[in-house]
Amino acid sequence: MNARTTSVCCTKKHFYRQPLAIMIALALTSLSSNLFAEETLVVSADGGAGVAGESAWGPAPTIAAKQSATGTKTDTPIEKNPQSVSVVTREEMEMRNVTSVKGAFNYTPGVLTGNRGSSDVIDALSIRGFSETNTNQYLDGLKLQGDNYSEFAIDPYFLERAELLRGPVSVLYGKSNPGGVVALVSKRPVQETLREVQFQMGNDNLFSTGFDFGGALDDDGVYSYRLTGQARSQDAQQAMNKEKRYTLAPAFSWRPDDRTRVDLLTYFQNEPETGYYGWLPRQGTVVPITRADGSEYKLPTNFDEGEQSNKISRNTKMVGYNAEHSFNDTWTVRQNLRYADLRTDYRSIYGSSFNSETQEINRGSAISEEKLNQFAVDTQAQAKFATGQLDHTLLLGVDFQRTRNDIDAQFGMASSLNAVNPQYGNDSVTPYDQPYQHLDKQRQTGLYLQDQMEWDRWVLTLGGRYDYAMNSVYDRVANSVDRQNDQAFTWRGGLNYVFDNGIAPYFSYSEAFIPNAGSTLNGEAFDPSRAKQYEAGVKYVPKDRPVVLTAAVYQLTKTKNLTADPDNVLFSVQGGEIRSRGVELEAKAALNANVNLTASYTYTDAEYTEDTLLKGKTPVQVPKHMASLWSDYTFHETALSGVTIGAGVRYVGESQGLYAETPANSAAGLSNQNFKVAGYTTVDAALKYDLARFGLPGRQSASTSTTCLTASMLPAAIVTTPVTGARNARLSAPPPSDFDLAGRCGARSQGLPCRIRTQKT
């Protein structure tokens, strides 16, 4: 929420704390050595099984992926998918050197990635105007279900691709956010020899090393493996915070014949420190604080309203498999299964409100130790056949997921902190009378059926799903259980017309449901909220060129939304409705052997169309306009052969905040009213050199990334002082301690931390 200006030239007087350090990268992003193998090959997802072309579950040959399984659960060309989908390939992630899942979507339309400022603790996105407090991510076809403070965070170095499916998708995935889902695909075992080592160093004490090994274990290629690992440490932008992550992902594959494949996938990650996750008020960020002498003051970009004792750590273990067997040319069965264990230690003193008279940030306290485990399985049967001139791809499936989270938490009040002259060191807290000791359980079983019918150039997709969902909370202190069971049917229909030149106009209708925990003042359990979307667009995916162009218009409505009970604002009723509509444009192309290009534009119009307090208001963190452009150029034949340069610009337009309902705001007539939050522009740059051109069998070996910002402000959200303390405060306003809404400070979105900004006075 704090405006900052920098010069693109980044002269010395504009550096915030220290000059931008050139990253020294020894074999950055992929140094391969003869110490490991005689040759290094770019691998295919099928591990050399002989499957021609791109696979929806593997790497794409260029930045313009043409296959996706996210929108259909089958390997489907993008132009035949009846909803808008974007794919961020391995090549694109390496080029921009992204360090978080949400950072991978910085250049994707319809997505706001910086809803928590510079924090990467939780990879939550805002999609088509619908913010997500918790993540809505799927890894290898199975949901990474979080709860309370327990959220999975996958490192993008271990991914082959990251995909975004926009709009309601309950027909395939069950309960989900109406804005869409993120689908991640892990790196798989390969049969070709793969030897890759990387080292990175940068300012803000950035140190990183990684490796990626793979190959066949026998001459026939029946057994193969992949071993990927990374260790990374860096100071967070906010003072007193660090980010540390150590990850190892062994994988093993068994392929006895060309019809059978079993991939064993594991993921082990230790995060002793995940970085900053806090809250700052509107004052000092969106608007300045007026000092006693009349001068104005804004909080510095490294401001931390917490204490040195703050710590958020996670330990993740996942084991599972993806199996596939084709009985014949018609029938194929697939099963994805995973067990996950997540341990979270959350200790935080955080901002909760602001006292304008004393210029102090009121603070709360949260301590939560959580043990979450999850089991998920998805079993599918796919049949490809024809009835007359109509070709069918029929999909039948059943999926099940169970999540259990044991929470031992204590919330309370902490000492206030002077925003103008902060004095740290007082981390004493006053706990609330009772601890927060809950056992949360979630279960979902879904039965789904989908038919993709093709006739001539027409593609008709119809699907339906029936879900059984259960949520329960066992309060260990009160020795009581609150259980809620929901059932829902959702469906989708879409029609595509694919011209021979690759142009494919389409239209679709889709639905979603979102369970709501709790009950009304009268004790009636809430029904699930519902969402429906109408979407039309056109896709251009030529067969002979690595180009993907998409344009989409949509109207998305969420009904049965919880809103304040007019008779008692401490309770809710289900009369709310939110409408979002907009336009999204995206282009990805490998223009030639030298040039890659990505471009996007987003227009979003969101509004509370029905609400007891917010009718006619704009939801927070929904900019009307967003745009981005990235291009990179690789020299192949000149004296600069092996050099790659890249640059990008991201624009996020003006958005709206919402005044909290406080006595002071009510007296001024501001409660539940919107206020403006200025937009910002982020500029990214990258420079790489291929060591293979120097006689070494490496790839991108040296890299520099810089980022400059202009007119940048964080969006604000409603500020509340919840009864339960920290959890709801965590769900309120984003911390405006950073103004790069792409989620990183400056060039950190490219793997290089930087301080190149000045405060605008």
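Just so you know, all these numbers are worked out from the coordinates, no wet-lab data involved. None of these values were measured; they are calculated from a predicted model. Positions of Cβ are generated from backbone atoms using ideal geometry, with glycine treated the same way; all protein chains shown enter the neighbour counts.
Phi angles across segment 592-600 convert, under the Karplus curve 6.51 cos²θ - 1.76 cosθ + 1.60 with θ = phi - 60°, into 3J(HN,Hα) values of 7, 5, 9, 10, 10, 9, 10, 8, 7 Hz, Gly and Pro given as x. How many angstrom separate the Cα center of segment 521-575 from the Cα center of segment 396-454? A separation of 23 Å, based on Cα centres. Sequentially through segment 441-452, phi angles give Karplus couplings (6.51, -1.76, 1.60; θ = phi - 60°) of 10, 9, 9, 8, 10, x, 10, 9, 9, 9, 10, 9 Hz, Gly and Pro residues having no value and appearing as x. Expressed as a fraction of 2.2 N^0.38 Å, the C-alpha radius of gyration for segment 428-473 is 2.43. Checking the table LYS66/LYS187; LYS244/LYS371; LYS543/LYS688; LYS175/LYS242; LYS539/LYS615 against a 26 Å threshold on Cα-Cα, which pairs fail? Exceeds cut-off: LYS543/LYS688; LYS175/LYS242; LYS539/LYS615. Backbone phi angles across segment 302-308, fed through the Karplus curve with coefficients 6.51, -1.76 and 1.60 (θ = phi - 60°), yield HN-Hα couplings of 9, 5, 10, 7, x, 9, 4 Hz in residue order; Gly and Pro are listed as x. Were the residues from ILE503 through PHE268 laid out at 0.36 nm apart, the gain over their Cα-Cα distance would be 80.3 nm. The label-point distance for LYS676 and LYS615, in a model that sets each label 7 Å from Cα toward Cβ, rounds to 2.7 nm.
Give me the extension gain from GLN434 to TRP254: residue separation times 0.36 nm, minus the current Cα-Cα distance, reported in nm with one decimal.
On the way: separation 180, 0.36 × 180 = 64.80 nm, distance 5.24 nm.
Between GLN434 and TRP254, full extension yields an extra 59.6 nm.
Value of Rg to Rh for segment 445-505, rounded to two decimals, is 1.38; Kirkwood radius and Rg both from alpha-carbon coordinates. From most to least packed by mean Cβ count within 10 Å, the peptides 640-650, 417-427 give 640-650, 417-427.
Taking the Cβ of LYS624 as the center, what net charge do the other residues with Cβ under 9 Å away carry, scoring Lys and Arg +1 and Asp and Glu -1? Every neighbour counted, the sum reads -2.
Would you mind classifying segment 386-476 by shape? Square roots of the alpha carbon gyration tensor eigenvalues, ordered a ≥ b ≥ c; an a/c under 1.5 is rounded, otherwise it is prolate if a/b is larger than b/c and oblate if not.
Oblate is the answer for segment 386-476, as a/c is 1.5 or above yet b/c matches or exceeds a/b.
Computed over the alpha-carbon pairs of segment 163-227, the distance histogram in 10 Å steps reads 17, 23, 21, 31, 8 percent, short to long.
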